[in-house]
Amino acid sequence: MPVVNERFEPLIVAFCCNWCSYAGADLAGISRMSYASNVRIIRVPCSSRVNPGFIIRAFQRGADGVLVAGCHPGDCHYHSGNFFTRRRLTVLKQMIEYLGIEPQRFQVRWISGSEGAKFAMVMNSVAEEIRLLGPNRKLRDVR
Amino acid sequence: MKITTDKVNSNLVREVEEVSGQKVSACFQCGKCSGGCPVVLTMDVLPHQVLRYAQLGLVDELLHCKTLWICASCQTCDSRCPRNVDIPKVIEALRLLVLRNKGGNYLHPNDLSEKVRRNAPQQGLVSAFRKFAK
Amino acid sequence: MKRIGVFICWCGSNIAGTVDIDKVAAAAGTMNGVVYVDQNKYTCSEIGQAMIKDAIKEYKLDRVVIAACSPRMHENTFRKTVESAGLNPYYLEIANIREQCSWVHKDKEAGTAKAISLIRTAVAKAAMNEALFAVEMPITRRALVIGGGIAGIQAALDIADTGFEVDLVEREPSLGGRMAQLDKTFPTLDCSACILTPKMVDVAQHEKIRLFTYAEVEKVEGYLGNFTVTIRHRARSVDLQKCTGCGECLAKCPAKVASEFEEGLVQRRAIYTPFPQAVPNKPAIDRAHCRFFTTGKCKVCQKVCPADAIDYEMEDRLLTNGYGAIVVATGFDTHKLNDYGEYAYGKHPDVLTSLEFERLLNASGPTGGKILRPSDGKAPKTVAFIQCVGSRDKAKGNSYCAKICCMYTAKHAILLSEKVPGSKAFVFYIDVRTAGKDYEEFYTRAYEECGASYIKGNVSKVFPEGEKLLVRGVDVLSGALVELLVDMVVLAVSVDARADAKELAKKLAVTVNEHKFFTEAHPKLRPVDTQTAGIFLAGVCQGPKDIPETVAQASAAAVKVAAIFSKQSLLSNPTVAEVEQKLCSGDMSCMAVCPYGAISEQVVEERRGREMVTRKIARVNVALCQGCGACTVACRPGAINLKGFTNQQILAEVDAICL
Amino acid sequence: MRYSYYPGCTLKTMAKIYEDTALSTAKALGLNLTEIKEWQCCGALYPLNTEEIFSFFSPVRALLQARAGGEDKLLTLCAGCYNVFKRTNKAVREDGELRRKINDYLEDDYIGEVEVVHYLEVLKNDVGFAFLAERVKKKLTGRKLAPYYGCLLLKPWAEMDLDDVENPTIFENFLTALGATVVDYPYKTECCGSYLSMANEDIASAAVGRILVSAYKNGAEAFVVACPLCKYNLEEYQKELFAAGREPQLKLPVVYFTEILAEALAL
Amino acid sequence: MAAVIGWRKKDFWWQSPVVFLEDPAAAHRLVWDPFTVYSPVKFLLEWQASCAAKVGIFVKGCDSRGINRLLQDKRLERERVVVYGVPCGGKADAEKIRASFPAKGIKDVTLLGEQLVLTVGDREVRVAAEAYLLDKCLTCRHPNPVVYDKLLWEEVLPRQRADESRFARVQAVASLATEERFFYWQRQFERCIRCFACRNTCPACNCRVCIFDQAEPRWLGKANDPADTLNYHIIRAFHVAGRCFECGECERICPAGVPLQELNRKLIKDINEAYGDYEAGLDATDQPPLGTYRGEDPAGFDES
């Protein structure tokens, strides 16, 4: 009898800003666009609220991928928050890649409140990329 | 002349951009370059058209135009360009594409007139040969 | 230990169709702190809400988690529900198991697992939720309008008409601004003064408006509902109470200086009213040019004044008032032409800016409304209009489009054809932009009926050739060179932000963009607000616009102000940043990233050993903070936290969501 | 005041008078010019493409020589050399990539320490036109002179930064200091055709014609220039137009500004 | 001035630790030798917190940038410090010396220009100093103090090629494949004992209460988990991003030899490339790059 390997289902934590990306996720729902169920959303007021400590913590606790999503540059509800996000998370992303973490593990995307389809598409592509990478072992707590 | 997708995507445009260091897509065709060019009257492709042709991949037409040998690199055009395009550099890149081909030289010492040979300042001769021959 | 109640909504079959509610409920019952789980077909219904209230009382719940639709949908509804049951509204947490779960996942097993995960996360967060309270803030129901052009005039009138008090501050001796300088207005060609002057008079006579001309904003403090503004009333040297506006002094003053209002085409006196319809129609002394103030001798105006209104001793006065809201309407400067030597402006008298040309058109202008060449007083037969001078030019001028030039140049071409029979206008353009009601038709009229020749091509250089001007350019459509010998050249100068816009922005704690135009809070949805609550924008100070747009924005700003003033009091947003004193190092990294200027330094006293010492830490003004949380990440030790989204809460969510 | 001095090819041959009068007037004004050692042709043209590195070697070597000579400033006369040196120096200062590439080939590292100046600039900034006016022995009163800038002194303005590119005044102020009457005409910054006169003479001829006529109509009696190639073009085509009978009145001498200066200083 | 902070000699030739001197009569105890490498800057924090009087401090080029670090972070009252700037030709690496000379015989080491003079027994040995300097000094670009009240002697010339070697190690690591990079860093970090010496010495790590020392919330687990070690190093590096002024003390002081400069400089390189050259510690009044932005900033992720 052939052994059926259970398909690896990654856990993806998505931090979404309340005004654009969380609204985009809602729109995907209202439009009934189905996407990978591996994604779990944490609502934050603005992408600039996302502390790198939250991201690392998610990886430690077993997230296989982390996504931060915010308004497009120039559209921030708080005027400039995502500009700071862009600088901070660019630095963070390039650093953890330099430490040998696969670039797909941590992603940042701009998704507006009207981009429900884009939200679904991004979730699917992130889920697929992480699925191919396999589980996160590098940043995960061993205990 | 015909604009086709192949031409618009042609590598030659990218080469011109690379050699010149200029982005031809920056031009919005205001024509201020051509209007101020002191030698424009004898040009077959006007300076703003050089950029238009390049934007659309009509590089072949540019490589065969007289304009390349008429531009004096006086930089009047780029000093007034609202889009910061250094047109003489674009023309220079095109000229180089021609000159680098075998037999591409435009000026040979034998072509010089007697008057030029006798009276012209070195500055002019060096300049001319650097522009017109490789 | 918290006592958490979880309420799971079916949303009919919207949720129950893809999520096994019983399984979810069973799982929720095992979560930390959960003492009660219930489910309902429609939790948002009155029955559903009543069930929650009853459960809170019966089971002494102190935190509530509702698993239902998006919090963007019913968060406020449910907050009211828990509040009416005696709990703080911020004890509520919502798990979004509809938009972000049942509606997007078809597989029931996966949907159920995800719903459980989302509820666990909400429970973890709810356990850390704390009571949050909005602070009630009183409102000073008086508005300040900065700038007395058409934008400021309209905003002031509209606010005053709703019954609230308005102070209008204008830097010049008279109201009017740029619109007062214009002759006709596009696309209707009605006379600018005819429609503006009545509004200026209305401002002066409105019982709810106090008009301060020759005055400037010196200092702004405070926040929405409670600004304190110091206004510098510059010494006018003329007592407005006594002056009758008879004009005796204007004729006798011996000192002459180029008239700003007439764009330097003629001279005014040192004691002057900028233009005949000025409001107030009473003069001011320009001390920089007054003979008495520069040499100590003269006093002619005082001698001729029949009302004894001249007061050389007058000093600037600083007066401070409270305001609840501010409208900024400071207008624009025209672009300086220092970098455009190729157009021979200043080299040849018949090269004019568009605003100078406007004055030539105006009946009260230097030529009485006749178009005449400054050089020889003759009517020009051919006029070249050059567009985009200083606009769309990132090399030497403004990279942006000034928006109004295409239309006013069409107007100039039309008026030229009317005022100088047999004349010809050549308009050199890069693109003609006529987006506006009846605008395209107006432009069509210029070239179809009034004979203007439009040439697509930016003029490269204007060569003075004796009395005439040789205009050299190219028609990019035909590739033909253009060399025109014309009698006059008119340069459509670009619109700049006010040179001192940045200083004012600093006083107001609002921002300007790279071109020094004031930045709106949101480019699409909040174009009238600044990111500082209670400060609104009207007119060109926010970006180039024409008169109808300016008036519309001014009225919009007025409604925004009235909306604030119509409230009993203001409630602050409870989810604001908060500083923990013992953690704060006082490096103020938070202040640098705050878009609202809500963070400032404060001195605190602390016990160290046996003595009391002082040090500086950050302080959040809850009236200004909008709760973005950018500061919390800038703060390395985590001393500044965001209520409702604290580090503790989000880490708890992360931990729970990964279980 | 001391300067390194770079003459360039043309000044040692066709434009000897330019160098001679420059050196004599400089001496008279108390300027100490030391010709740098072992210079070569500057290349005459600043490279207008991103691929040429070798064209920079000659000017950078000359700048290294100037630095070795110990003076802060390198003085040039020919507008072509001035253009090449000033732009090369700026490029070396500001473009790290280019600087690295060039220095990889050179014996010594050069980072743009020397300042490149034109003699006119020295007269304006270091000597001062007011001081110059005092030193004039023979005022040029009544002389109607048309300054001709050409291109290389002024363009591209972001790199040359000598004067306003459309409305320059340095020549005018210089001539005013010498007591001459300055002829203003709108073609003073229009190109004379430059090196086109070597290969496309008709084009250069047309360009020169407009300049000549405009200056003449505005009352000029002579042109004052700073560039040997401008002088050549203005003179040669004037002769031709004259010979062809198209512009019979034209007989405007073309002189270097240093010649005029020497005259005013009575040297 | 109630005290000065400088360096003194301890028992062995390689020990020149930081000293607080309150007695002017003891001034002769201050030394300047090839081992005065320790940064005195962070001692200022304790001083200013505990005492209202003025203090003097001797600073090398790197230390002076630390002063600017504290000033920019508003952790220092400039008027309460007198800064004596000491232009520095580099500090010696005792390990490198020990590797070439029998440690027992060495009595004294001094730096004379580009030469290191060792007294070994009763012999005097002169060697070219460059081979015995600390690695971090070889890549030092600002050997002269950038802020001071008095400069002790003439400025020295910056070391040749320091610019080029600045990012050499970063580039070498970056050129590895992802997995190789991970194993490289895993090997480095597995030695880390989380003693926090890197943080404690770093003038950029000047928070009153470090986030890693907080219990509520606890950002960093206490257990010896490799993921927590990585967490520590990522967040530490992030907290000094745009603020690290490359003194290199973190790496030098690390008992486990973790190459922390390779991490710090990676961030500096990335920030410079994306947001324009910025050098921390040179100006105490500007805004570090993560505290500001431009609308047209590039991003290190997909912005579509």
Legend entry - Cα-only radius of gyration and Dmax that characterise chain A, units Å: 15.4, 60
Inset, instruction - Quickly rank B:100-111, C:210-221 as a protection proxy: mean count of other C-beta atoms within 10 Å, highest first. - result: C:210-221, B:100-111
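Dividing the convex hull volume of the alpha carbon atoms of segment C:4-128 by its residue count, what do you get in Å³ per residue?
Looking at segment C:4-128, the number lands at 81 Å³ per residue.
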Legend entry - Neighbouring partner chain Cβ atoms per residue of C:461-467, average, 10 Å criterion: 4
Inset, instruction - Place a +1 charge on the Cβ of each Lys and Arg in segment E:182-304 and a -1 charge on the Cβ of each Asp and Glu, then give the dipole magnitude about the Cα centre in debye, rounded to the nearest 20. - result: 680
Inset, instruction - Please determine, in degrees from 0 to 90 and to the nearest 10, the orientation of helix C:547-565 with respect to the longest principal axis defined by the Cα atoms of chain C, where the helix direction is its Cα long axis. - result: 40
Legend entry - Rounded tilt (10° steps) of D:228-243 against the dominant C-alpha axis of chain D: 30
Legend entry - Per residue convex hull volume, Cα atoms of segment C:503-624, in Å³: 139
Legend entry - Normalised contact order of chain C, rounded percent, pairs of Cα under 8 Å and 6 or more residues apart: 13
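In what sequence, highest mean first, do A:131-138, E:133-140, C:74-81, D:77-84 appear when ranked by Cβ atoms within 10 angstrom? Walk me through the numbers before you get to the answer.
Details: A:131-138: 15.1, E:133-140: 20.4, C:74-81: 17.8, D:77-84: 29.0.
Top of the packing list down: D:77-84, E:133-140, C:74-81, A:131-138.
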Inset, instruction - Determine the principal axes of the Cα atoms in segment D:2-119, then give the extent along each, sorted from largest to smallest and rounded to whole angstroms. - result: 43, 28, 21
Legend entry - segment B:111-125-segment C:211-239 distance, computed between alpha-carbon centres (Å): 73
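List the relative contact order of segment C:492-593 as a percent without decimals, with contacts defined as Cα pairs under 8 Å and 6+ residues apart. Show your work: numbers first, answer last.
Details: 91 pairs, mean separation 15.9, N = 102.
Normalised by residue count, the contact order of segment C:492-593 is 16 percent.
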Legend entry - Hull-based mean projected area of segment C:389-480, where the convex hull spans the alpha carbons, in square nanometres: 7.2
Inset, instruction - Using a 10 Å cut-off on Cβ to Cβ distances, tally the other chain neighbours for every residue of E:266-278 and report the average as a whole number. - result: 3
Legend entry - Pairwise centroid distance, computed over Cα atoms, of segment D:77-107 with segment E:116-162, Å: 33
Legend entry - From phi via Karplus (6.51, -1.76, 1.60), per-residue ³J(HN,Hα) for segment E:82-87 in Hz, x at Gly/Pro: 10, 9, 9, x, 10, x
Inset, instruction - Work out the charge dipole of the protein assembly as shown with +1 on the Cβ of Lys and Arg and -1 on the Cβ of Asp and Glu about the Cα centre, then indicate which of C:M31, C:C658, C:C191 is farthest towards its positive end. - result: C:M31
Inset, instruction - Rounded to whole Å and sorted largest first, list the principal axis extents of the Cα atoms in segment C:577-643. - result: 39, 21, 20
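For segment E:166-299, which semi-axes, largest first and in whole Å, follow from the square roots of 5 times the eigenvalues of its Cα gyration tensor? Numbers along the way, then the final one.
Numbers: eigenvalues 116, 79, 43 Å².
After diagonalising the Cα gyration tensor, the semi-axes are 24, 20, 15 Å.
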Inset, instruction - Across segment D:136-264, how many lysine pairs, 8 or more positions apart or on different chains, have C-alpha atoms separated by under 16 Å? Please give the number. - result: 10
Inset, instruction - Note the full-extension length gain between C:E448 and C:E611 as 0.36 nm times their separation in residues minus their Cα-Cα distance, in nm to one decimal. - result: 50.0 nm
Inset, instruction - List the pair-distance distribution P(r) of chain C, using every Cα-Cα distance, as the percent of pairs falling in each 10 Å bin from 0 up to the bin containing the longest distance, rounded to whole percents. - result: 3, 13, 18, 18, 16, 13, 10, 7, 3, 0
Inset, instruction - Give a residue-ordered list of calculated ³J(HN,Hα) values for segment C:643-659 (Karplus: 6.51 cos²θ - 1.76 cosθ + 1.60, θ = phi - 60°; whole Hz; x for Gly, Pro). - result: 4, x, 9, 6, 4, 4, 5, 5, 5, 5, 4, 4, 4, 6, 5, 8, 5
Legend entry - Other-chain or far-sequence residues with amide H under 5 Å of E:V19's (modelled H): E:G6, E:W7, E:R8
Legend entry - Zero-based 10 Å bins, Cα pair distances in chain E, whole percents: 6, 24, 33, 26, 10, 2, 0, 0
Inset, instruction - Could you pull the Rg and Dmax for segment D:213-267, using just the Cα atoms, both in Å? - result: 12.3, 38
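Rounded to two decimal places and with Rh computed the Kirkwood way over Cα pairs, what is Rg over Rh for chain B?
Values: Rg = 15.4 Å, Rh = 15.6 Å.
The Rg/Rh ratio comes out at 0.99.
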Inset, instruction - Apply the Debye scattering formula to segment C:333-496, with a single equal point scatterer on each alpha-carbon and no solvent, then give log10 I(q)/I(0) at q = 0.13, 0.16, 0.17 Å⁻¹. - result: -0.56, -0.89, -1.02
Legend entry - Positive-end residue, segment E:104-177 charge dipole about Cα centroid, Cβ charges, pick of E:I106, E:A131, E:F167: E:F167
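Can you compute the helix-only [θ] at 222 nm over chain C? Use -39500 (n - 2.57) per DSSP H run of at least 4 residues, normalise by all residues, nearest 500 deg cm²/dmol.
So the calculated ellipticity at 222 nm is -8000 deg cm²/dmol.
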Legend entry - Using alpha-carbon coordinates, inclination of helix E:178-189 to the longest axis of chain E, degrees: 40
Legend entry - Where labels lie 7 Å past Cα in the beta-carbon direction, separation of E:H28 and C:I47 in nm: 9.8
Inset, instruction - Run the dipole for segment D:38-146 about the Cα centre, Lys and Arg Cβ at +1, Asp and Glu Cβ at -1, nothing else charged, and hand back the magnitude in debye, nearest 20. - result: 1040
Legend entry - Charge-dipole axis of the protein assembly as shown as Lys and Arg at +1 and Asp and Glu at -1 on Cβ define it, positive-most pick from C:V104, B:N110, E:A53: E:A53
Inset, instruction - Pull up all non-local amide H partners of C:N398: gap of 5 or more, or a different chain, and H-to-H distance under 5 Å with H placed in the peptide plane. - result: C:S391, C:R392, C:D393
Inset, instruction - Using only Cα atoms, locate the centre of segment E:27-74 and the centre of segment A:17-81, then give the distance between them in Å, rounded to an integer. - result: 44
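Among B:69-77, C:500-508, C:551-559, what's the highest-first ranking by average C-beta atoms within 10 angstrom per residue? Each step should come with its number before you reach the end.
Values: B:69-77: 25.0, C:500-508: 16.9, C:551-559: 22.3.
Going from most to least packed, we get B:69-77, C:551-559, C:500-508.
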Legend entry - Student exercise, chain C dipole from Lys, Arg, Asp, Glu Cβ charges, in Debye to nearest 20: 840
Legend entry - With eigenvalues of the C-alpha gyration tensor scaled by 5 and rooted, the protein assembly as shown, Å: 61, 48, 36
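Give me a single rounded figure for A:29-36: the average over its residues of other chain Cβ atoms within 10 Å of their Cβ. List each step's numbers first, then the result.
On the way: counts 12, 7, 3, 5, 2, 6, 3, 3.
That works out to 5 on average.
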Legend entry - DSSP bridge orientation in segment C:109-254 - percent antiparallel, rounded to nearest 5: 55
Inset, instruction - Step through the residues of segment D:260-266 one at a time and calculate ³J(HN,Hα) from phi using the Karplus curve (6.51 cos²θ - 1.76 cosθ + 1.60, θ = phi - 60°), rounding each to whole Hz and writing x for Gly and Pro. - result: 5, 5, 4, 4, 5, 7, 6
Legend entry - 5 angstrom amide H check on C:E465, placed H, neighbours 5+ away: C:L470
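No value in this document is a laboratory result; all are computed from the given coordinates. Everything quoted here is computed from the prediction, not taken from an experiment. A quick note on method: Cβ atoms are made from the backbone with ideal geometry, for glycine too, and the neighbour counts reach across all protein chains shown.
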